[in-house]
1. Hey, if you drop one equal point scatterer on each alpha-carbon of the protein assembly as shown and run the Debye formula without solvent, what base-10 log of I(q)/I(0) do you get at q = 0.06, 0.09, 0.12, 0.13 Å⁻¹?
2. Over all directions, the average projected area of the alpha-carbon convex hull for the range B:169-278 comes to how many nm²?
3. Please get the size of the charge dipole for the protein assembly as shown, origin at its Cα centre, with Cβ charges of +1 on Lys and Arg and -1 on Asp and Glu, quoted in debye to the nearest 20.
4. Evaluate the relative contact order of chain A (contact order divided by residue number), counting alpha-carbon pairs under 8 angstrom at least 6 apart; express in whole percent.
5. Looking only at B:Asp244, B:Asp179, B:Asp33, which one moves most when chain B is put into a Gaussian network model with springs between Cα atoms under 10 Å?
6. Please grab the % of Cα pairs in the range B:188-237 that end up more than 16 Å from each other.
7. Counting partner chain Cβ atoms within 10 Å of every residue's Cβ in A:118-130, what's the average?
8. So for the range A:46-138, what are the equivalent ellipsoid semi-axes in whole Å, largest first, each being the square root of 5 times an eigenvalue of the Cα gyration tensor?
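The values are calculated or read from the model by the stated rules, or taken from the named source; none is laboratory data. Nothing here was measured: the structure is a model prediction, and the numbers come from that model. Using ideal geometry, Cβ is built from the backbone for each residue, glycine included, and neighbour counts are taken over all protein chains shown. Side chains included, ligands, DNA and RNA excluded: accessible areas come from the protein's heavy atoms. Shrake-Rupley method; radii C 1.70, N 1.55, O 1.52, S 1.80 Å.
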Amino acid sequence: MIRPHMIRPAGEHGLLVETGSLELSHRVDAALRRERPDRVVEIVPGPGTVLVVAPGGDRERLRERLADVLARERDRTPDAGPAGAAPVVTVPVVYDGADLEPVAELAGVGVDEVIARHTGCELVVGWLGFAPGFAYLTGLDPVLHVPRLGTPRTSVPAGSVAVAGPYSAVYPSASPGGWRLLGHTTLRVWDVAADPPSPFRPGTRVRFEPA
Amino acid sequence: MIEVIAPGPYATVQDLGRPGFAHLGVPGSGAADAASMRLANRLVGNPEGLAGIELTFGSARLRFLIGAWAALAGAPVPAGPVRGAGMGAPFWVPAGAELRLGAPSRGLRTYLAVRGGIAVPPVLGSRSTDSLSGLGPEPLRAGTRLPVGPAEGGLVADYAPLPELGPAVLRVLPGPRDDWFVPAALAELCAAPYVVTQDSNRVGVRLRGPELVRARQGELPSEGMVTGAVQVPPSGQPIVFLADHPPTGGYPVIAVLRAADLAVAAQLRPGDEVRFTLQRSR
């Protein structure tokens, strides 16, 4: 049963689907991208929601359609989920970041252990935000969960590989930033001339490996 | 080619933006008052999606190196010395002429369309300057040269009465997160006028007025945001999201503007008063 509050109005053209989990957000996102209901221009998954924007469409019909998709994806057994089908991106990293040693200290392990744990887990793109192509990578080894810098840097170079809280990320372009830098990659994760401009999309699996 | 002699306080190239990339963290961008940009394009016989110039507080000087039809819409500005230059009707700018635009008597953003459109290279399908992410062309500066594209279709000489910029009323639909506020908050939003503050820009119209009190504390997990969202940060002072708003956000949205009222919001200037009025969701 999909109760009305699980599909919330977001203006005349938007509906916000409450999934309650990132995993279900990814499944609903993937289903909607496959099926593309009429007039849908944006599908934006988040940790507990998927925003769907469809200007000029029939919102009641879309609401019913979204309720169907939500019910169907929720009731599917997890092992039938798209995880196996999601693309994997390998990111080669030179572990020379300015915060590598402080992170090791905060984590109470050696630098080698930080690298081993960062390369030893498979991460999943949760969602993108903050800047174009900035992917919040979930599934980081809990030992590497360290707080952000007290004072953000005024400029972090593009390609910086960093951690903060439960997430890791690759800076897609130079920007200010408060995440702790472990190293850098030569893999371009944001290129407006490429199609798609980012190798990451919500649900993409990511592995870091020493370059 | 058009050469910018003076851009005024802030001027950018805008079209209808780059929808379809919000899931990659890309703002929609595009003309803040898209209705006026579309109108200016129609007046010179352009498809509505061609790029024009969005002026903030007018006060620009542009030299046309080629002769071209042009039209102005949005916040009304005095225009000269080009013969026939004015709001809401196409006029011919001869090669070499300088178009001077004054400050708007009311409203904030004026749109200049040129027949053929401003033909800077598109980024992710749009020529819009995105002030939040930096995508698209730089804001206009003295000396910026803007190519003009080839004209297509016929010119339909026309005149469009400009919409009245009367007392600003923004119609809102409740949600998606009105339940994060005390029950009286929606009534509070609509009870008394808010004042537009100085730090408003293409990202959002920041307002000062009655505080909107939350019923739920704690952090809302980041979620997708629509243009026109009335987002409420911890200060309780609402922000109306315009074209360059971040595609996701972590503060609850108490209500969303009717789509037609985005154009009204985009014309608000610092110091203006604005009222909200509630419309029930269909």
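1. Rounded to two decimals, the profile gives -0.30, -0.68, -1.12, -1.24.
2. That works out to 5.8 nm².
3. Around 1160 debye, computed over the protein assembly as shown.
4. Relative contact order, chain A: 20 percent.
5. Its mean-square fluctuation being the largest, the pick is B:Asp179.
6. 48 percent
7. That average works out to 3.
8. Semi-axis lengths for the range A:46-138 are 39, 17, 12 Å.
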